[in-house]
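Worksheet: one structure, shown below.
Just so it is clear, none of the values below were taken in a lab; they were calculated from the coordinates. Small disclaimer: the values here were computed from a predicted structure and weren't measured. Every residue, glycine among them, receives a Cβ derived from its backbone with ideal geometry; neighbour counts consider all protein chains shown.
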Amino acid sequence: MALTPQDVARLADLARIELSDQELARLAPQMDEILESMTNLAQAIDDDVPPMSHAAPLVNVFRDDQVRPSFSSATVLAGAPAVEDGQFRVPRILDEEA
Amino acid sequence: MSSTINQSAAELARRIAAREQSSEEITRAHLDRIEQVDADVHAFLAVDAERALKQARAVDAKVAAGEKLGPLAGVPIAVKDTYCYQGLPTTAASRILEGWLPPYDSTVVSRLLAADMIILGKTNLDEFAMGSSTESSAFGPTRNPWDLERIPGGSGGGSAACLAAFEAPLALGSDTGGSIRQPAAVTGTVGIKPTYGGVSRFGLIALASSLDQPGPCARNVLDAALLHEVIGGFDPADSTSINEPLPDLVGAARKADIKGLRIGVVHELGGEGYAPGVEQRFAEAIEILSGLGAEIIEVGCPHFEYSLAAYYLIMTAEASSNLSRYDGMRYGLRVGDDGSATTEEVMRLTRAAGLGDEAKRRIMLGTYALSAGYYDAFYGSAQKMRTLIARDFASAFEKCDLLISPTTPTTAFKLGERLSDPMAMYKCDLCTMPASLAGISAASLPIGLSPADGLPVGLQVMAPAMADERCYLLGGALEAALNDRWGASLLDRIPEVGRPAGSQETSR
């Protein structure tokens, strides 16, 4: 399989994590070893085995659509890293070139 | 050691209700103990002394007024730092949530407070509950009270260690692949992962939502059952909560009778890779169970050998999705917001600075397992293997009422020993992962010290979904028989904190 540092960089990109070259070089063989140990799964199952996504014997759990008190905006914003005019302040969304 | 902190939760509750000892005095004794030993053990991330004493005085006033209170009223408890509790930071031991104050209480915390229990503080864990040693905590590892050079297990090492160090009589854990059971095993304490859906996850910081399950940590089986009954049962705020009454857990722990029960020994969970000291104690425990009138059967669960692969694919896939919420926008850490950086750049820098190595590794493994081209071979296969493992359990439970195995292949290893080898670390949970994947209930019980290193060994008992009482039935019976044989409980043999196990003569 041999996962390369470039492959790891692509995954880090998808996961929105900035990684240094040293981190990429360290992670590639580690992740490769872990994934290698998992490749035997596909051979051990038949195609007709249904997938299991969770263990709870429940389907379509609904609650009554009732009006209930919600958090005040002050409560919600209390943990925010930056607030402006009673709203979350976030960095700009678009690149200069966009 | 004072005659307060070494008591069971049940005894402390009795004293409080009988007005023999106040909750305030009991709470203060535990706070003093924390003050005395936690610099060495580091089980706690936050201690909430003032509020705890205030809660205790309120309970004492209720008792004095003749109010009829619950079975654990006034008893202190430590809460793993994965549960939201207003007024204390909830961090999951991650820099990305350092100092974060939750705007609501988790259901289990609400139930502790409604039961008049006293919350001492928050306990340490591996970052986002990812690990088997607490070494991935951003705030430093917890140490095993049996030997401070060794790991207390993980992820709930803090909750297990605070029990073994007599800093709290009870603690709350959460178990995804073994995070309650494996720490219980290596610290000589009791831990139960209830049936999935048996205890509410509302307000629990998510690692892998289809596996996470809150549960009790205690020093004995009855105390665990008492706590389980306080926190368990249906919660409409958790969509996977099972809307059925809990079995009689306390009754089962007290009954402690396994005559005629068919107990299956899982063939696949033993042999190569299992420490001889662990296998010896496990074999002795089987003899005791047999002597108590249980029928011992060997059973095969052929797909268990694939549980590590299936578990790590499913857990990392769910974790990569759950942890995407830590993006520095609405709460938690934000890094690199210099006015010119874009949102995406800030997210990348925030997650790079706020997440530790293991969290990054698992997020990327999960991202890989879910990515186009690999999904079928990895995540899809893992979900199918999960079905086969659940079927192995189903056919085993046709032949027996309970299954047993060692909880862990080895005793506690030294801090740092497996840090640079993730696969070795992952193998700590070899025995505990199958029950997590199938969503059944499972517990770890102390069965003695390994003759090789003088460290605790745990036995895992597994019962079908919603038959958690069987774990307590066996737990109560085995505990009584072992205490009888030893003339004391296992924790009565723990060296005073600060002294390495097996060398009680040498001072450090």
message: Rounded to the nearest 20 debye, what is the charge dipole size of chain A about its Cα centre when +1 sits on each Lys and Arg Cβ and -1 on each Asp and Glu Cβ?
response: 560
statement: Among B:T407, A:A80, B:L163, the residue whose Cα sits farthest towards the positive end of the charge dipole of the protein assembly as shown, when +1 is placed on the Cβ of each Lys and Arg and -1 on the Cβ of each Asp and Glu, is B:L163
query: Counting alpha carbon pairs within less than 8 Å and at least 6 residues apart, what relative contact order, in whole percent, applies to chain B?
result: 18
- prompt: For the protein assembly as shown, what is the convex hull volume of its Cα atoms per residue in Å³?
  reply: 168
field: Within chain B, longest stretch clear of exposed GluC sites (Glu not before Pro) (DSSP loop, no more than 11 other Cβ within 10 Å)
entry: B:273-495
field: Convex hull of Cα atoms in the stretch B:194-353, direction-averaged projection (nm²)
entry: 13.9
- prompt: Working from the pairwise distances between different alpha carbons, so that the mean of 1/r is found and then inverted, what is the stretch B:96-253's Kirkwood radius in Å?
  reply: 15.6
- request: Can you find, among A:P51, A:V90, A:M38, the residue farthest towards the positive end of the dipole of chain A? Put +1 on the C-beta of Lys and Arg, -1 on that of Asp and Glu.
  value: A:V90
query: How large is the helix-only mean residue ellipticity at 222 nm for chain A, computed as the sum of -39500 (n - 2.57) over DSSP H runs with n ≥ 4, divided by its residue count, in deg cm²/dmol to the nearest 500?
result: -9500 deg cm²/dmol
- prompt: Counting only residues 5 or more places away or on other chains, whose amide H sits under 5 Å from the amide H of B:T123 once H atoms are built in the peptide plane?
  reply: B:L45, B:V79, B:K80, B:D81
message: Just want the answer: with Cβ charges of +1 for Lys and Arg and -1 for Asp and Glu, which residue in B:P464, B:L482, B:P451 is farthest toward the dipole's positive end in the stretch B:416-501?
response: B:P451
Sorted by Cβ neighbour density within 10 Å, fewest at the top, the residues B:C301, B:C431: B:C301, B:C431
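The stretch B:1-51: which trypsin sites (Lys or Arg not before Pro) are DSSP loop and have at most 11 other beta-carbon atoms within 10 angstrom?
Listed in order of number, the matching sites are B:R19.
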message: Using the Cα centre of chain B as the reference point, and only Cβ charges (+1 on K/R, -1 on D/E), how large is the resulting charge dipole? Debye, rounded to the nearest 20.
response: 400
Linear extension gain, B:R485 paired with B:E279, 0.36 nm per residue minus alpha-carbon span: 72.3 nm
Spin-label zone in the stretch A:1-24 - amide nitrogen under 19 Å from a point set 7 Å from the Cα of A:N40 along the C-beta vector: A:1-2
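On a 32 Å Cα-Cα criterion, which of the cross-link pairs B:K54/B:K414; B:K122/B:K414; B:K122/B:K399; B:K122/B:K427 come out too long? Write down the numbers at each step before the final one.
Working: B:K54/B:K414 39 Å; B:K122/B:K414 24 Å; B:K122/B:K399 42 Å; B:K122/B:K427 27 Å.
Where the Cα-Cα span goes over 32 Å, the pairs concerned are B:K54/B:K414; B:K122/B:K399.
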Virtual paramagnetic centre 7 Å along Cα→Cβ of B:R262, amide N under 18 Å, in the stretch B:391-408: B:391-405
statement: Note to self: C-alpha centroids of the stretch B:107-129 and the stretch B:401-471 sit apart, in Å, by 23
message: Quick check: from the Cα gyration tensor, does chain A come out rounded (a/c under 1.5), prolate or oblate?
response: oblate
message: Using a Gaussian network model on chain A with a 10 Å cutoff between Cα atoms, which of A:V83, A:V59, A:V49 fluctuates the most?
response: A:V83
query: In nm, to one decimal, how far is the modelled label at B:N6 from the one at B:K399, with both set 7 Å along Cα→Cβ?
result: 4.4
- line: One finds the C-alpha centres of the stretch B:35-91 and the stretch B:327-390 to be spaced, in Å, by 35
query: When only Cα pairs under 8 Å and 6 or more residues apart are kept, what is the percent relative contact order across chain A?
result: 18
- prompt: How would you classify the stretch B:34-143 from its alpha-carbon gyration tensor, with a ≥ b ≥ c the square roots of the eigenvalues: rounded for a/c under 1.5, else prolate if a/b is greater than b/c, otherwise oblate?
  reply: prolate
field: P(r), alpha carbons of chain B - 20 Å bins starting at zero, rounded %
entry: 25, 59, 15, 0
- prompt: Can you give the % of DSSP beta bridges in the protein assembly as shown that are antiparallel, to the nearest 5?
  reply: 65
task: Could you work out how far apart the two model spin labels at A:V61 and B:A58 are, taking each label as a point 7 Å from the Cα in the direction of the beta carbon, and quote it in nm?
output: 2.8
Estimated FRET transfer efficiency when R0 is 25 angstrom, pair B:D357-A:S53 (beta carbons, to 0.05): 0.30
Per-residue Cβ neighbour rank within 10 angstrom, fewest leading, B:K122, B:K255, B:K427: B:K255, B:K427, B:K122
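Calculate the mean, over all residues of peptide A:17-23, of how many other protein chain Cβ atoms lie within 10 angstrom of the residue's Cβ.
5
Dipole size in debye (nearest 20) for the protein assembly as shown around its Cα centre, Lys and Arg Cβ +1, Asp and Glu Cβ -1?
1300
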- request: For n ≥ 4 DSSP H runs only, could you compute -39500 (n - 2.57) per run for chain B, divide by its residues and tell me the 222 nm figure to the nearest 500?
  value: -11500 deg cm²/dmol
query: Using the beta-carbon distance between B:S239 and B:E496 and R0 = 45 Å, what value does 1/(1 + (r/R0)^6) give for FRET efficiency, to the nearest 0.05?
result: 0.45
- request: Between B:D421 and B:A39, with labels modelled 7 Å along Cα→Cβ, what's the label distance in nm to one decimal, could you check?
  value: 3.5
statement: Listed with the fewest Cβ neighbours within 10 Å leading, B:K62, B:K360 appear as B:K62, B:K360
